[in-house]
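Enquirer: So that we are looking at the same thing, I have put the structure below in structure tokens.
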Amino acid sequence: MDLPADVAKLLIDIPRPANWVPDEYDVGLRDIMVDWPTADSVDVGIVGVPFDTAVMGRRGCRFGPEGVRSSLVFSNVYDPSLDVDLSTGLSVTDFGNIDVLHTEVLGTHERVEQVLSSIYALGVTPVIIGGDHSLSYPDIKALMNNTGGRVGVIMIDGHLDVRHSHHGEVSSGTPFRRLMEEPSKPLRPCNLVEVGINGWLNSRYYMDYCREMGVTVIPARQVHRRGIDDVITEALERASDGTDAIFLSIDIDGLDLSVAPGTCAPSPGGLSAYQALEMVWQIGQHPLSRGLDVMEIAPSLDSSGVTSMMGAALIMHYLGATKTRLHR
Ligand SMILES: [Mn+2]
């Protein structure tokens with residue numbers, strides 16, 4: 001596979017991690033990964049974006065790609081609970097990390113949009129490891145650039161992320177308003193579903209904005225009371241209504257702080273590990289699913305690496321769901 005030269009030079013190669021605990025009957029994710037420059041085609045491509053300059057609070061998620069990749073090393077390609085085996089029928093690569101500009105938020109966004117647009121143009125479904133949530137703007141913009149019609153977005157997050165700005169600056173709290181205000185093919189509010197909103201951390205002003213615009217907000221407490229299957233059904237209905245593609249964006253702070261302590265703003269009462277995994281499993285199998293980002297994992301704020309392990313498990317579920325989607 002060929003990427004344009006100006007795009008390829010924005011990618012920093014990551015050596016494939018070593019296998020720590022070999023067993024001749026195990027097949028690990030690292031064993032099935034292919035090298036993209038020599039592969040004929042690739043179904044899913046991992047892309048790291050080590051950038052957290054748009055976090056206004058506790059930083060550290062620029063090390064998210066490193067933390068999550070270290071946990072992915074331990075992944076076997078078979079999950080008995082899903083009964084999915086990735087050892088055949090799915091081509092996975094790692095494009096490495098995008099060469100970001102740590103002192104320039106918008107300059108970094110331009111690079112991310114450029115790289116991911118080229119990856120989408122190859123027909124690859126990207127799995128992006130952040131990095132702060134401001135980056136979901138270029139992640140989703142790249143999909144919009146490669147889709148004839150509209151894109152629907154389902155996001156898991158403790159926060160609404162529809163701020164005008166942080167005192168004039170683009171931040172990790174602004175990406176979804178920016179997408180809805182795009183001049184060309186903007187994200188339609190009726191196709192945006194925000195799941196897991198929670199805690200004493202969101203302004204009434206922005207909740208009112210979402211209601212007035214017609215954004216679907218399903219707070220964490222409602223998820224716990226309704227049950228996750230019902231929430232997924234509604235989310236998919238809304239995100240697929242009149243759209244050509246669905247993007248799933250996960251801010252790890254949408255999960256409960258017991259399973260995601262390693263992030264800027266941990267969330268008491270957020271989604272459980274099971275609820276988040278089930279969302280990825282079901283949404284990733286939808287015929288329109290075209291990408292995932294897993295954002296805001298900060299290993300330096302983590303407890304025993306559990307947040308990185310959670311991120312790796314969400315990515316493995318998306319790989320399993322994508323294989324199922326492609327072979328249906
Ligand atoms: Mn967020």
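Taken together, the values in this text are just the output of simple stated rules run on the coordinates, not laboratory data. Here the structure is a predicted model, which means the values were calculated and not measured. Reconstructed Cβ throughout: ideal geometry from the backbone, glycine too, with neighbour counts over all protein chains shown.
Enquirer: How large is the charge dipole for the chain, taken about the Cα centre, if only the Cβ atoms of Lys, Arg (+1) and Asp, Glu (-1) carry charge, to the nearest 20 debye?
Expert: 780 debye
Enquirer: Same structure, new question: For residue 39 and residue 185, what does the FRET efficiency come to when R0 = 22 Å and r is the distance between their Cβ atoms, rounded to the nearest 0.05?
Expert: On the way: r = 31 Å, r/R0 = 1.39.
Once the sixth-power term is evaluated, E becomes 0.10.
Enquirer: Could you tally the net charge around residue 177, taking each other residue with its Cβ under 9 Å from the Cβ of residue 177, Lys/Arg +1 and Asp/Glu -1? If you can, show how the numbers build up before the last one.
Expert: On the way: positive: 163, 178; negative: 161, 181.
Combined, the nearby Lys, Arg, Asp and Glu give 0.
Enquirer: Let me ask you something else. Please give the Cα centre distance for segment 114-177 versus segment 1-73, rounded to the nearest Å.
Expert: One Cα centre to the other: 19 Å.
Enquirer: By count of other Cβ within 10 Å, fewest leading, how are 303, 249 ordered?
Expert: Numbers: 303 12, 249 26.
Listing 303, 249 from fewest to most nearby Cβ atoms yields 303, 249.
Enquirer: Still on this structure, please answer the following. Using helices alone, I'd like the mean residue ellipticity at 222 nm for the chain: each DSSP H run of four-plus residues gives -39500 (n - 2.57), total over residue count, nearest 500. Working shown, then result.
Expert: Working: 11 runs with 112 residues, N = 328.
Estimated from H runs of four or more residues: -10000 deg cm²/dmol.
Enquirer: Based only on other Cβ atoms within 10 Å, what is the fewest-to-most ordering of 69, 325?
Expert: On the way: 69 23, 325 17.
Final ranking by Cβ density, sparse to dense: 325, 69.
Enquirer: From the phi angles alone, apply the Karplus equation (6.51, -1.76, 1.60; θ = phi - 60°) to segment 290-295 and give each ³J(HN,Hα) in whole Hz, x where the residue is Gly or Pro.
Expert: 9, x, 9, 10, 10, 10
Enquirer: Near the amide H of residue 48, under 5 Å away, which other amide H atoms are found, from residues 5 or more places off or on another chain, if H is placed in the peptide plane?
Expert: Result for residue 48 returns 96, 97, 98, 129.
Enquirer: Given H placed on each backbone N at 1.01 Å, which residues far from residue 36 in sequence or on other chains put an amide H within less than 5 Å of it?
Expert: Amide H neighbours of residue 36, under 5 Å, 5+ apart: 94.
Enquirer: Pop the C-beta distance of residue 244 and residue 23 into the FRET formula with R0 = 51 Å and round what comes out to the nearest 0.05. Let's see the in-between values first.
Expert: Values: r = 43 Å, r/R0 = 0.84.
After rounding to 0.05, the efficiency reads 0.75.
Enquirer: Just to check I understand the Karplus step: with θ = phi - 60° and J = 6.51 cos²θ - 1.76 cosθ + 1.60, what whole-Hz values come out for segment 313-324, glycine and proline as x?
Expert: 5, 4, 5, 4, 4, 5, 4, x, 5, 5, 4, 4
Enquirer: Between segment 250-267 and segment 295-328, what is the separation of their alpha carbon centroids in Å?
Expert: After rounding, the separation between the Cα centres reads 13 Å.
Enquirer: May I pose another question? Just name one of 96, 80, 146: the one whose Cα is farthest towards the positive end of the charge dipole of segment 5-326 (beta-carbon charges, Lys/Arg +1, Asp/Glu -1).
Expert: 146
Enquirer: Quick one: compute the contact order of segment 5-326, relative version, from alpha carbon pairs under 8 angstrom and 6+ residues apart, as a percent. Kindly include the intermediate steps, with their values, before the conclusion.
Expert: Values: 715 pairs, mean separation 66.4, N = 322.
After rounding, I find 21 percent.
Enquirer: Related question: In segment 5-326, if the dipole is taken from +1 on Lys/Arg beta carbons and -1 on Asp/Glu beta carbons about the Cα centre, which of 12, 48, 162 is farthest to the positive end?
Expert: Result: 162.
Enquirer: Still on this model: Looking at the square roots a ≥ b ≥ c of the eigenvalues of the Cα gyration tensor of segment 76-198, which shape do they give, rounded for a/c under 1.5, prolate if a/b is larger than b/c, or oblate? Walk me through the intermediate numbers first.
Expert: Working: a/c = 1.67, a/b = 1.46, b/c = 1.15.
In terms of gyration-tensor shape, prolate.
Enquirer: Continuing with this model, one more query. Go through segment 62-70 residue by residue and turn each phi into a ³J(HN,Hα) via Karplus (6.51, -1.76, 1.60, θ = phi - 60°); whole Hz please, and just put x for glycine and proline.
Expert: 5, 9, x, x, 5, x, 5, 4, 4
Enquirer: Same structure again: Once label points are set 7 Å from the Cα along Cα→Cβ at both residue 6 and residue 327, what is their separation, rounded to one decimal in nm?
Expert: Simple spin-label model gives 4.0 nm for this pair.
Enquirer: Which longest run of the chain has no exposed loop site in it, a site being GluC sites (Glu not before Pro) in a DSSP loop with at most 15 other beta carbons within 10 Å, and the site itself not part of the run?
Expert: Details: sites that count: 24, 104, 181.
Of all site-free stretches, the longest is 182-328.
Enquirer: With unit charges on the beta carbons (Lys and Arg positive, Asp and Glu negative) and the dipole taken about the Cα centre of the chain, which residue among 242, 228, 131 sits farthest to the positive side?
Expert: 242
Enquirer: On a full-extension model of 0.36 nm per residue, what is the gain between residue 166 and residue 237, subtracting their alpha-carbon distance, rounded to one decimal in nm?
Expert: Details: separation 71, 0.36 × 71 = 25.56 nm, distance 3.22 nm.
That works out to 22.3 nm of additional length.
Enquirer: Starting from a Cα-only point model with no solvent, please compute log10 I(q)/I(0) by Debye for segment 130-256 at q = 0.14 1/Å.
Expert: -0.55
Enquirer: Report, ordered by chain and residue number, the aspartates and glutamates lying within cross-link reach of residue 323, taken as a straight Cα distance under 18 Å and ignoring same-chain residues fewer than 8 apart.
Expert: The reachable aspartates and glutamates, counting only those whose Cα sits under 18 Å from residue 323, are 31, 40, 43, 79, 83, 85, 94, 278, 293.
Enquirer: Computed on alpha carbon atoms, what radius of gyration and Dmax characterise the chain, expressed in Å?
Expert: 18.1, 57
Enquirer: May I ask you to list the lysines whose Cα is less than 16 Å away from that of residue 141, ignoring any residue fewer than eight positions away on the same chain?
Expert: Correct list for residue 141: 185.
Enquirer: Would you mind checking segment 190-219 for residues with the amide N under 17 Å from a putative spin-label position 7 Å along Cα→C-beta of residue 230?
Expert: The answer is 195-197, 217-219, whose backbone nitrogens lie closer than 17 Å to the label point.
Enquirer: Sticking with this one: Do any chymotrypsin sites (Phe, Trp or Tyr not before Pro) in segment 13-62 lie in a loop, going by DSSP, with at most 15 other beta-carbon atoms within 10 Å of their beta carbon, and if so which?
Expert: Working: sites: 20, 25, 51; in loops: 20, 25, 51.
Passing both the DSSP loop test and the Cβ count: 20, 25.
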